[in-house]
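Peer 1: My questions will all concern the structure given below.
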Amino acid sequence: MAGSNFVDYVKIFCRSGKGGAGSAHLRREKFVAMGGPDGGDGGRGGHIIVTGNRNTWTLLHLKYKRHIFAGHGGSGGKQGSTGADGEDKYIEVPLGTVAKDAETGEVLFEITEHDQQEILVKGGRGGLGNVHFKSSTNQTPRYAQPGEDAVEMAAILELKVLADVGLVGFPNAGKSTLLSVVSAAKPEIADYPFTTLVPNLGIVSYREHQSFCMADIPGIIEGASEGKGIGLRFLRHIERNSILLFLVPADAENIRKEYEILLNELSQYNPELLDKSRLLAISKADMLDAELIEEIKQDLPDIPSIFISSVANQGITELKDMIWKELMDANK
């Protein structure tokens with residue numbers, strides 16, 4: 001998907017519909033004396049409803065439509081007629097979208113399933129008609145309730161990509177190249193830092209027609225958790241991944257140190273990320289001979305690791321096997 005078309009954060013202004021007023025009508029018929037109250041209730045105001053759509057990948061459609069108003073409820077009528085409910089407004093969002101109150105920052109709900117519906121702003125209740133206020137001491141009430149007012153709020157919709165595996169690494173570690181080799185995704189690949197400006201998703205085919213989803217997260221640099229580079233903006237996408245696959249290039253000065261820097265940035269952003277399963281892939285391994293690989297293995301972190309080369313298709317099948325095993329273990 002084009003970088004300009006990927007939007008993962010929008011602030012919108014919503015207003016639900018106000019409830020319709022109840023009717024204070026008194027029954028009038030030619031041959032019925034003092035017919036009494038027969039005013040109906042007002043209709044409910046329209047809701048603002050957020051619904052999940054698995055075919056949507058971005059919040060781009062909300063970037064240019066940030067004011068969403070629901071319809072007002074109709075007034076009650078005679079003969080106990082209830083007013084029409086206001087028109088509900090539906091906001092379709094990708095799976096993995098979090099809705100927050102823009103003023104308090106409170107998380108209201110998360111959309112994680114297709115067709116899941118959550119009310120973002122409730123419409124006002126319709127007022128009761130005078131028929132509800134009839135009693136033995138007040139047989140002809142000439143009043144009814146007004147409808148509840150509309151509710152206004154500013155909301156933040158924030159997309160966190162849902163993927164089984166998240167690729168974590170410095171710029172130019174080979175994340176986009178790996179994704180392009182193991183899936184049909186076509187991320188931009190170049191030899192300069194920060195080529196990837198938005199997360200890219202790819203479906204990786206595995207044995208016996210099985211598959212898993214892999215996400216290429218834009219490169220993280222040291223200090224990303226403090227706002228340096230562009231990593232901070234996309235670190236939230238890693239929160240939804242079942243497994244974190246760290247990619248460190250074989251020509252790095254110190255593979256263990258680079259891994260620890262990446263791990264520290266994740267910890268600074270959200271300590272809960274350390275509870276996720278972690279794998280380490282040393283990319284661009286086609287430039288290493290067997291002796292050098294054995295030497296490097298002596299100083300690797302104590303997590304499952306593998307040497308791969310996306311260009312030479314070296315270790316890719318073994319990497320898929322390792323990822324699949326970790327996914328099975330994580331889902332037990």
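Peer 1: Taking only pairs six or more apart or across chains, which ones have beta-carbon atoms under 9 Å, a first residue in segment 201-220 that is closer than 16 Å to G169 by Cβ, and a second residue that is aromatic (F, W, Y) and not in a strand (DSSP E or B)?
Peer 2: Within 9 Å, the pairs are I217/F234; P218/F194; P218/F234; G219/F170; G219/F194; I220/F170; I220/F234.
Peer 1: Got at least one residue in segment 256-264 being in contact with a Gly (Cβ under 9 Å, 6 or more places away or on another chain), under 30 Å from T97 (Cβ atoms) and part of a helix (DSSP H, G or I)? Break it down into steps so the answer makes sense when it comes.
Peer 2: If we filter segment 256-264 for residues that are in contact with a Gly (Cβ under 9 Å, 6 or more places away or on another chain), which is where we start, we get 258, 262.
From what is left, the residues that are under 30 Å from T97 (Cβ atoms) are 262.
Subset that is part of a helix (DSSP H, G or I): 262.
Checking segment 256-264: at least one residue is in contact with a Gly (Cβ under 9 Å, 6 or more places away or on another chain), under 30 Å from T97 (Cβ atoms) and part of a helix (DSSP H, G or I).
Peer 1: Another one. Between a first residue in segment 149-175 that is in a strand (DSSP E or B) and a second residue that is open to solvent by 40 Å² or more (accessible area, probe 1.4 Å) and small (G, A, S), which pairs have beta carbons less than 8 Å apart while being 6 or more apart in sequence or on different chains?
Peer 2: Cβ pairs passing all conditions: V165/S242.
Peer 1: Now a separate question. State all residues of segment 14-35 that are touching a Leu at 6+ places or on another chain (Cβ under 7 Å) and either at pLDDT below 90 or under 16 Å from P146 (Cβ atoms) (or both); if no residue qualifies, say none.
Peer 2: Residues satisfying the conditions are G22, G35.
Peer 1: Something else now. Quick one: would you say V131 is buried (at least 16 other Cβ atoms within 10 Å of the Cβ), under 13 Å from the mean Cα position of the chain (by Cα) and touching a residue at least 24 places away in the same chain (Cβ under 8 Å)?
Peer 2: Judged against the criteria, V131 is not a match.
Peer 1: List the number of the failed condition for E152; all other conditions in (1) at pLDDT below 95; (2) under 22 Å from I68 (Cβ atoms) hold.
Peer 2: Every condition holds for E152 apart from (1).
Peer 1: Mind listing whichever residues of segment 224-255 are open to solvent by less than 50 Å² (accessible area, probe 1.4 Å), modelled with pLDDT of 75 or more and part of a loop (DSSP other than H, G, I, E, B)?
Peer 2: N241, S242, A250, A252
Peer 1: So, in segment 256-282, of the ones that are of a type in the set (D, E) and touching a Pro at 6+ places or on another chain (Cβ under 9 Å), which residue ends up least open to solvent (accessible area, probe 1.4 Å)?
Peer 2: Applying the filter and picking the extreme gives E258.
Peer 1: Failed condition for P218, given (1) assigned to a loop (DSSP other than H, G, I, E, B); (2) open to solvent by less than 40 Å² (accessible area, probe 1.4 Å); (3) at pLDDT below 65, with all others met?
Peer 2: Against the list (1) assigned to a loop (DSSP other than H, G, I, E, B); (2) open to solvent by less than 40 Å² (accessible area, probe 1.4 Å); (3) at pLDDT below 65, P218 comes up short only on (3).
Peer 1: For the subset of segment 135-154 comprising residues that are hydrophobic (A, V, I, L, M, F, W, C) and closer than 23 Å to K100 by Cβ, which member is surrounded by the most Cβ atoms within 10 Å (Cβ to Cβ)?
Peer 2: A150
Peer 1: Just a yes or no: is a residue in segment 44-54 under 30 Å from S180 (Cα atoms) and of a type in the set (V, I, T)?
Peer 2: No - not one qualifying residue is present in segment 44-54.
The values are calculated or read from the model by the stated rules, or taken from the named source; none is laboratory data. What you see is a predicted model, and the numbers here were worked out from it, not measured in a lab. Glycine also receives a Cβ, built like all others from the backbone with ideal geometry; neighbour counts cover every protein chain displayed. SASA here: full protein model, heavy atoms, side chains in, ligands and nucleic acids out. Shrake-Rupley method; radii C 1.70, N 1.55, O 1.52, S 1.80 Å.
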